[in-house]
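Worksheet: one structure, shown below.
Where a number appears in this text, it was derived from the coordinates with a stated rule and is not lab data. These numbers were taken from a predicted model, which means no experiment stands behind them. Please note: Cβ atoms are built from the backbone with ideal geometry, for glycine as well, and neighbour counts cover all protein chains shown.
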Amino acid sequence: MHGFYYLHLNLHHHDEQYTDLLNRVFDMWDQTFTQVARKNQQILDPGEFFRSHHVGVLMFEDEIVGFNLFTFFDLSLLATTRHAYFQALGTCSPTRLNSEKIKRILTMEYFTLAPQWRRQLQETPWGEIITGMGLKFLDKSSADAVLGTPRMDLRVHEMCYRLGAYNFQDPVKRLNYECAVVLFPKVAQRTFSHPLTRLWVKNLAIDEGSVATPLLSRIPVEVSA
């Protein structure tokens, strides 16, 4: 396939060429999760978007396919245990992470797939591919593991288990949805059972938004075996 690429961008320190793209990402995030929240009589806090540090977004030419938001937490900092994210999980979570020799955690949250790409889910596992690219970023980062809270009603937690996560603690409520708490450890050699997930994650590079490579002049990626 031609025209696909994966960008991992800093939400707080970005090059000007990405302003429009990041605004489009926020708009899609806001529309998607405002609707998700309303279904359970909840209100989305727009500040949740900038609580995150990075976004990993799969693109097709100039079109957003889907994305995840990421946040780094250093568990040696006392402020981490007081952060709203960990307070929502329960105060024992940072202690247990430390006991498992996990010192720096990367959260992966708010998986979003553009509506026009959802129809292709039966043909191409976009959720697995976008999550797999997040794990690819984990394995090259300074973090020790990825922590996530996938929705159980949509069986997203089952996808996470297929990709190598394990259940970390009892479920929690987010926007009043039952969510599993899962952990993906960093591994030296990561593989995926679905052949298309394996193929895409292997062939897509992680572009961290180099100023030297303008957005509109990126070379399309051909995914091949």
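A few remarks follow.
- Residue with peak Gaussian network fluctuation, the chain [Cα springs, cutoff 10 Å], from Gln116, Gln17, Gln35: Gln116
- Unit charges at the beta carbon, dipole of the chain: most positive-side option, Val156, Pro94, Thr80: Pro94
- The long axis of helix 19-39 is offset from the longest Cα principal axis of the chain by roughly 50 degrees.
- Relative packing of 72-79, 177-184, which averages over residues the other C-beta atoms within 10 Å, highest first: 177-184, 72-79
- The magnitude of the dipole of the chain, with charges of +1 and -1 set on the Cβ of Lys/Arg and Asp/Glu and taken from the Cα centre, is near 780 debye.
- Cross-link partners of Lys186 among lysines, defined as those whose alpha carbon lies under 16 angstrom from its own and excluding same-chain residues fewer than eight positions apart: Lys101, Lys103, Lys136, Lys140.
- Angle of helix 126-140 to the longest C-alpha principal axis of the chain, folded into 0 to 90 degrees and rounded to 10: 70°.
- Of interest is the spacing of the C-alpha centroids, which for segment 117-181 and segment 14-83 amounts to 15 Å.
- Subtracting the Cα-Cα distance of Leu199 and Thr91 from their residue separation scaled by 0.36 nm leaves 35.0 nm.
- Approximating the spin labels as points 7 Å out from Cα along Cα→Cβ, the Asp153-to-Asn98 distance works out to 3.6 nm.
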